[in-house]
Amino acid sequence: MFCQDAVSTAAPFLIAWLSISPFLGAYTSKATESWKSLWSCLLRSWAVCIPVGLAIRGAATQHVPPAPFALISMVTTLFLLASWRSAYFTVAGPTVQGDRGAGLFDGLKMILTLVRRW
């Protein structure tokens, strides 16, 4: 029951992030050039995707999400995205001119590399 509720709560935000953020530059090599560009791309994408995620959730539940839910969703998603992006940047380092562009599967590649090291 808990798992189903968590998935149904997170799904609209995941759908919004995965469908919109690539078009806003969240997965480009510019997004990992420096800490400043990382935060710039992250905040730009987050600012667009969160309202879309809330709208999708509102349409799915057929009511406007309450303000505390919206606020907690905004803070939680920003924390999770910032943690993930910071960890990725710390492990992978900045993208230098000439490196291949960061893609959607670079995070998966990083996880698989870490798992192999264990």
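The values are calculated or read from the model by the stated rules, or taken from the named source; none is laboratory data. Just so it is clear, the model here is predicted, and its values are computed rather than measured. Here the Cβ positions follow ideal geometry from the backbone for every residue, glycine too, while neighbour counts run over all protein chains shown. All accessible areas refer to the heavy atoms of the entire protein, side chains included, with ligands and DNA or RNA removed. Shrake-Rupley method; radii C 1.70, N 1.55, O 1.52, S 1.80 Å.
Ignoring ligands, DNA and RNA, please state the percent of accessible area on the chain from carbon and sulfur, probe 1.4 Å.
Values: 5680 of 7850 Å².
Ligands and nucleic acids excluded, carbon and sulfur give 72 percent.
Roughly how many Å² is the accessible area per residue of the range 1-47, as a whole number, for a 1.4 Å probe?
With all protein chains present, the range 1-47 gives 61 Å² per residue.
Starting at the first residue of the range 13-24, write each ³J(HN,Hα) from the Karplus equation 6.51 cos²θ - 1.76 cosθ + 1.60 with θ = phi - 60°, in whole Hz, x for Gly and Pro.
Each residue of the range 13-24 in turn: 6, 5, 4, 4, 5, 5, 8, 10, 4, x, 6, 9 Hz.
GNM on the chain, C-alpha springs below 10 Å: top fluctuator among Leu81, Leu108, Leu24?
So, out of Leu81, Leu108, Leu24, the one fluctuating most is Leu108.
So, in Å, what gap is there between the alpha-carbon centers of the range 49-86 and the range 18-41?
Each part's Cα centre sits 19 Å from the other's.
Cut-off 10 angstrom, C-alpha nodes, Gaussian network model of the chain. Which of Ala87, Ala55, Ala26 fluctuates the most?
Highest fluctuation of the listed residues: Ala87.
What FRET efficiency do you get for Leu108 and His63 if R0 is 35 Å and r is their Cβ-Cβ distance, rounded to the nearest 0.05?
0.50
Using helices alone, what [θ] at 222 nm do you get for the chain, with -39,500 (n - 2.57) per DSSP H run of 4 or more residues, divided over all residues and rounded to the nearest 500?
Values: 4 runs with 84 residues, N = 118.
Helices in the chain give a 222 nm mean residue ellipticity of -24500 deg cm²/dmol.
Subtracting the Cα-Cα distance from 0.36 nm times the residue separation, let me have the gained length for Leu18 to Gln4 in nm, one decimal. It would help to have the intermediate numbers written out before the result.
On the way: separation 14, 0.36 × 14 = 5.04 nm, distance 2.00 nm.
Gain in length upon complete extension: 3.0 nm.
Suppose the chain between Ala92 and Phe79 were pulled fully straight at 0.36 nm per residue; how much longer would it get relative to their current alpha carbon spacing? Can you show the working numbers first?
Working: separation 13, 0.36 × 13 = 4.68 nm, distance 1.96 nm.
Residue separation times 0.36 nm, minus the Cα-Cα distance, leaves 2.7 nm.
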